[in-house]
1. Where Lys and Arg each count +1 and Asp and Glu each count -1, what net charge lies around THR12 among other residues with Cβ under 9 Å from its Cβ?
2. If we sort 120-133, 169-182, 193-206 on the protection proxy, mean other Cβ atoms within 10 Å, highest first, what's the order?
3. Compute the separation of the alpha-carbon centres of region 207-234 and region 75-107 and state it in Å as a whole number.
4. Distance cut-off 27 Å, Cα to Cα: go down the list LYS72/LYS124; LYS44/LYS67; LYS127/LYS201; LYS67/LYS160 and report the pairs above it.
5. Below 10 angstrom from the Cβ of LEU97, what's the summed charge of the other residues (Lys, Arg +1; Asp, Glu -1)?
6. What residues from region 57-73 fall in the zone where the backbone N is under 20 Å from a label point 7 Å along the Cα-to-C-beta line of ASP272?
7. Calculate log10 I(q)/I(0) of region 38-96 for q = 0.26 Å⁻¹, where I(q) comes from the Debye formula with a single equal point scatterer on each Cα and nothing for solvent.
Amino acid sequence: MTTPALQARDVTMRFGGLTAVRSVDLTVNTGEIVGLIGPNGAGKTTFFNCLTGLYVPTEGTVSYHDKVLPPKPHLVTKAGIARTFQNIRLFANMTVLENVLVGRHTRTKEGLWSALLRGPGFRKAEKASEERAMELLEFIGLAHKRDHLARNLPYGEQRKLEIARALASEPGLLLLDEPTAGMNPQETRATEELVFAIRDKGIAVLVIEHDMRFIFNLCDRVAVLVQGEKLIEGTSEVVQADERVVAAYLGEPFEGAPGDAEAAEVEAAEADAAAAGAEAPVTDAAETGTAPSTDGDKSAGTTKGEAQ
Ligand SMILES: Nc1ncnc2c1ncn2[C@@H]1O[C@H](COP(=O)(O)OP(=O)(O)O)[C@@H](O)[C@H]1O
Ligand SMILES: [Mg+2]
């Protein structure tokens with residue numbers, strides 16, 4: 001039996017005169033892997049930002065298990081939705097284990113005083129948290145790197161670590177924004193297996209990706225966004241065969257960097273949204289020299305928690 005987990009109804013997001021997302025409905029049922037595809041600039045990341053409370057939609061509602069979500073990222077996480085970012089957001093100077101522990105924060109009851117006093121309750125909770133974090137690192141295949149600094153991981157492993165950190169909040173729904181961007185074909189196939197394994201744990205997945213083979217292999221349903229509007233939604237077979245989808249992709253290249261104007265806009269938006277505090281995240285694939293992301297990875301110097 002399918003039960004809706006996430007329900008986005010009539011979601012519209014305008015930036016001044018630009019309508020980035022227009023009246024989009026989308027449902028993700030429990031146990032499902034749903035794909036969201038579309039050319040660069042179609043509004044996919046903006047839609048994710050509306051789902052996760054980073055943006056307050058101009059119109060429409062987002063509910064999770066029949067409760068309307070307040071548009072506040074920490075409340076959305078608390079409700080059971082976790083995400084990764086198109087541009088990797090890790091704490092570069094923290095270890096692999098510490099990065100996952102940060103992700104557990106919303107699920108631990110111990111408060112600030114308890115942490116400061118380091119009483120027995122805190123130590124017990126800390127131990128349990130660490131055990132859970134290690135389980136997740138085992139699951140993701142990074143347990144052997146627990147004490148490595150995030151910045152020293154190769155690019156593909158940084159992406160995996162981001163997924164482990166997202167899972168640490170014990171979500172019922174995981175949103176992945178271009179999880180295989182910059183990965184080689186082997187890493188991409190491994191990520192496919194990983195997403196199936198996540199689904200098998202009972203976590204629903206909504207994934208944005210440009211790699212069509214990845215999407216059509218993986219997803220129970222695929223929705224296509226073009227210029228902010230949902231063009232079609234259906235099974236991989238139905239979507240793949242749709243002439244309009246083919247045209248949308250052939251009409252616009254979906255690999256490579258976007259135009260300078262768009263890149264500048266996104267950079268400006270990120271600068272606006274940048275919250276104070278927190279360490280600098282790992283921003284690109286400098287260590288491995290691989291191309292980090294299809295949008296050219298404009299996150300250098302930004303902080304965790306903003307829009308892209
Ligand atoms: N914070 C913002 N302010 C203004 N325009 C934005 C902002 N975020 C995204 N946009 C614009 O919205 C459109 C959709 O962008 P985006 O959601 O990043 O597309 P996608 O993820 O599908 O490539 C683009 O034209 C982009 O420039
Ligand atoms: Mg995007």
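1. Overall, the nearby charge balance is 0.
2. Order by mean packing, descending: 169-182, 193-206, 120-133.
3. For region 207-234 versus region 75-107, the Cα centre distance is 25 Å.
4. Details: LYS72/LYS124 30 Å; LYS44/LYS67 23 Å; LYS127/LYS201 23 Å; LYS67/LYS160 30 Å.
Checking Cα-Cα distances, LYS72/LYS124; LYS67/LYS160 exceed 27 Å.
5. For residues surrounding LEU97, the net value is -1.
6. 57-60, 71-73
7. -1.10
Since every read-out is calculated from the coordinates, none of them should be taken as a lab result. A quick note: this is a predicted structure, and the numbers were derived from the prediction, not measured. Note that each Cβ is placed from the backbone with ideal geometry, even for glycine, and that neighbours are counted across all protein chains shown.
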